[in-house]
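Enquirer: Take a look at this one; I'll ask things after.
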């Protein structure tokens, strides 16, 4: 947000006089009014048009797409724009895509290791204690320490 836009918003939403805002920020009121009356340049008009299209595509993606995907969609729609320009537009508007959740495995299985036979045949019940031992990790806590 530009300083001039901030001053304009304070005037519009909170009825703070322009002179007060400019005095607090160390600016002249004349500078603000010059900004208000400045003509819209072709570059500014294109930036506003791009911002509107980026916002539209971002909302259409349910607020998940980042700048690479929105850039691709803009190219398909016939726009001639770079990915960094799209990223800058999104940053300027406060739009951030949702990053995909990555699966975080704790261990990686050794595919070359020999497979062990299932000696219990998935039957974990035992007629008496200490006849069947099983565990899902490499160490089993016991009364005398880890096994």
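Enquirer: Any residue in the range 65-72 that is in the same structural domain as residue 47 (by TED's automatic domain parsing), at pLDDT below 95 and in a loop (DSSP other than H, G, I, E, B)?
Expert: yes
Enquirer: Is it the case that the range 94-113 has a residue that's surrounded by 15 or more Cβ atoms within 10 Å (Cβ to Cβ) and either within 17 Å of the chain's Cα centre (by Cα) or part of a loop (DSSP other than H, G, I, E, B) (or both)?
Expert: So far as the range 94-113 goes, yes, one or more of its residues are surrounded by 15 or more Cβ atoms within 10 Å (Cβ to Cβ) and either within 17 Å of the chain's Cα centre (by Cα) or part of a loop (DSSP other than H, G, I, E, B) (or both).
Enquirer: Also, quick follow-up: Mind listing whichever residues of the range 40-64 are without any contact (Cβ under 8 Å) to a residue 24 or more places away in the chain, part of a helix (DSSP H, G or I) and either buried (at least 16 other Cβ atoms within 10 Å of the Cβ) or within 22 Å of the chain's Cα centre (by Cα) (or both)?
Expert: Once the filter is applied, which keeps residues that are without any contact (Cβ under 8 Å) to a residue 24 or more places away in the chain, part of a helix (DSSP H, G or I) and either buried (at least 16 other Cβ atoms within 10 Å of the Cβ) or within 22 Å of the chain's Cα centre (by Cα) (or both), the range 40-64 yields 52, 56, 57, 59, 60.
Enquirer: Of the residues 5, 11, which single one is free of Cβ contacts under 8 Å to residues at least 24 places away in the same chain, out of contact with any strand residue (DSSP E or B) (no Cβ under 9 Å at 6 or more places or on another chain), in a helix (DSSP H, G or I) and surrounded by 15 or more Cβ atoms within 10 Å (Cβ to Cβ)?
Expert: Testing whether each residue is free of Cβ contacts under 8 Å to residues at least 24 places away in the same chain, out of contact with any strand residue (DSSP E or B) (no Cβ under 9 Å at 6 or more places or on another chain), in a helix (DSSP H, G or I) and surrounded by 15 or more Cβ atoms within 10 Å (Cβ to Cβ) leaves just 11.
Enquirer: Is there a residue being free of Cβ contacts under 8 Å to residues at least 40 places away in the same chain, within 28 Å of the chain's Cα centre (by Cα) and either at positive phi or surrounded by fewer than 16 Cβ atoms within 10 Å (Cβ to Cβ) (or both) anywhere in the range 23-39? Give the derivation first.
Expert: To start, the set of residues in the range 23-39 that are free of Cβ contacts under 8 Å to residues at least 40 places away in the same chain comprises 23-39.
Next cut, within 28 Å of the chain's Cα centre (by Cα) only: none.
No, there is no match, as no residue in the range 23-39 is free of Cβ contacts under 8 Å to residues at least 40 places away in the same chain, within 28 Å of the chain's Cα centre (by Cα) and either at positive phi or surrounded by fewer than 16 Cβ atoms within 10 Å (Cβ to Cβ) (or both).
Enquirer: Test each condition in (1) assigned to a helix (DSSP H, G or I); (2) touching a helix residue (DSSP H, G or I) at 6+ places or on another chain (Cβ under 9 Å) for residue 81 and report the one that comes out false.
Expert: (1)
Enquirer: Still on this structure, please answer the following. Report, by residue number, each residue of the range 89-137 that is at pLDDT 80 or above and within 30 Å of residue 49 (Cα to Cα).
Expert: 89, 90, 91, 92, 93, 94, 95, 96, 97, 98
Enquirer: Additional query: Kindly indicate which of 56, 49 is out of contact with any helix residue (DSSP H, G or I) (no Cβ under 6 Å at 6 or more places or on another chain) and farther than 26 Å from residue 10 by Cα.
Expert: So the residue among 56, 49 that is out of contact with any helix residue (DSSP H, G or I) (no Cβ under 6 Å at 6 or more places or on another chain) and farther than 26 Å from residue 10 by Cα is 56.
The values are calculated or read from the model by the stated rules, or taken from the named source; none is laboratory data. Fair warning: this is a prediction, and the values are worked out from it, not measured in the lab. Every residue, glycine as well, gets a Cβ built from its backbone with ideal geometry; the counts of neighbours run over all protein chains shown.
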